[in-house]
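Worksheet: the structure to be examined is printed underneath.
The values are calculated or read from the model by the stated rules, or taken from the named source; none is laboratory data. If you're wondering where the values come from, they're calculated on a predicted model, not measured in any experiment. Quick reminder, even Gly has a Cβ in these numbers, built from the backbone with ideal geometry, and neighbours come from all protein chains shown.
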Amino acid sequence: MASDLKGQTVALAAMFQFSACVEQLAKTGHVNQKDFEVSVNSLFNQNPTNTLDVYGSIEQLETGLSILIANLSRSPKRSSDCIRYVMGILHLQKQLSKKSSMLDMIAKRLDKSRLQVEHFSMTHENVIAGLADIYTDTISTFSFRIQVMGEYQFLQQTRIANQIRTLLFAGVRSAVLWRQLGGNRLKAIYQRTAILETARSLHKEIQQRELH
């Protein structure tokens, strides 16, 4: 795909949204259900007609856009853990891009997970456990692993651990999309102002829609 600043910004917002959900789960044991559903849906939408189709609509990424804006504008509200998760996700995606056999395995196992969705809801614990297993058997086997910081009482719970792995999985999927749209770390540094302006424009679009 050709370089697409709007698409890159959308994919970055998704990475920040899913990373924020990881942080929220690890520290509180709870997650914004709407944001979590967006992450799961993005894993199953492998053949979108455009970038936003992966997430449903721009409204589905309002949380991520807000967090992306806070971090790019160096707001006091930015989170070092969230940034660290995003950087880790980008590193994992780079490693995954070199493993064509692993990418094929992930695609085949996601097809099987789709069959589960026909019998359960998208975020049913059986579906989430299946997605978490895919992440564990593939991406999680790399020598580099994202260290999630939080409360032990939450991190040791199977349900929460599965949700966190699913969110990281979705983050890597968004990182793949970001790369396909021309994104790279060096470009992100030099285009920080342009990305920030695009994120603000998209966020303003959401707010204007909410007024009507």
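Taking the stated definitions as given, is Asn126 over 23 Å from Phe16 (Cα atoms), in a helix (DSSP H, G or I) and either at pLDDT 95 or above or out of contact with any strand residue (DSSP E or B) (no Cβ under 6 Å at 6 or more places or on another chain) (or both)?
Judged against the criteria, Asn126 is a match.
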Select from the range 74-104 the residues that are closer than 22 Å to Gln46 by Cα and of a type in the set (D, E, K, R) and write down the one among them that is surrounded by the fewest Cβ atoms within 10 Å (Cβ to Cβ).
-> Lys98
Kindly establish whether Asp35 is among the acidic types (Asp, Glu) and crowded, with 17+ Cβ neighbours inside 10 Å.
-> yes
Within the range 174-186, can one find any residue that is farther than 28 Å from Asn71 by Cα, in a helix (DSSP H, G or I) and more than 16 Å from the chain's Cα centre (by Cα)?
-> no
Would you call Glu125 closer than 29 Å to Ser66 by Cβ, without any contact (Cβ under 8 Å) to a residue 60 or more places away in the chain and of a type in the set (Asp, Glu)?
-> yes
Residue that is modelled with the lowest pLDDT, among those in the range 157-212 that are aromatic (Phe, Trp, Tyr) and surrounded by 21 or more Cβ atoms within 10 Å (Cβ to Cβ) | Trp178
How many residues does the range 32-50 hold that are of a type outside the set (Ser, Thr, Tyr), within 11 Å of Gln17 (Cα to Cα) and touching a Ser or Thr at 6+ places or on another chain (Cβ under 7 Å)?
-> 3
So which residues in the range 135-146 are part of a helix (DSSP H, G or I), polar (S, T, N, Q) and surrounded by 15 or more Cβ atoms within 10 Å (Cβ to Cβ), if there are any at all?
-> Ser140
Could you list, in sequence order, all residues of the range 140-171 that are under 17 Å from Lys27 (Cβ atoms) and either aromatic (Phe, Trp, Tyr) or in contact with a Pro (Cβ under 9 Å, 6 or more places away or on another chain) (or both)?
-> Tyr152, Phe154
Pairs where the first residue, in the range 173-185, is closer than 11 Å to Gly7 by Cβ and in contact (Cβ under 8 Å) with a residue 12 or more places away in the chain and the second is among the hydrophobic types (A, V, I, L, M, F, W, C) and in a loop (DSSP other than H, G, I, E, B), C-beta under 6 Å, 6+ apart | Gln180/Met1; Leu181/Met1
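Residue by residue, here is whether (1) touching a residue at least 60 places away in the same chain (Cβ under 8 Å); (2) part of a loop (DSSP other than H, G, I, E, B); (3) within 16 Å of the chain's Cα centre (by Cα) holds:
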| site | (1), (2), (3) |
| --- | --- |
| Val117 | yes, no, no |
| Ser121 | no, yes, no |
| Gly130 | no, no, no |
| Asp133 | no, no, no |
| Val148 | yes, yes, yes |
| Thr166 | yes, no, yes |
| Phe169 | yes, no, yes |
Search the range 1-19 for residues being over 9 Å from the mean Cα position of the chain (by Cα) and of a type outside the set (S, T, N, Q), and hand back the single one that is surrounded by the fewest Cβ atoms within 10 Å (Cβ to Cβ).
-> Ala2
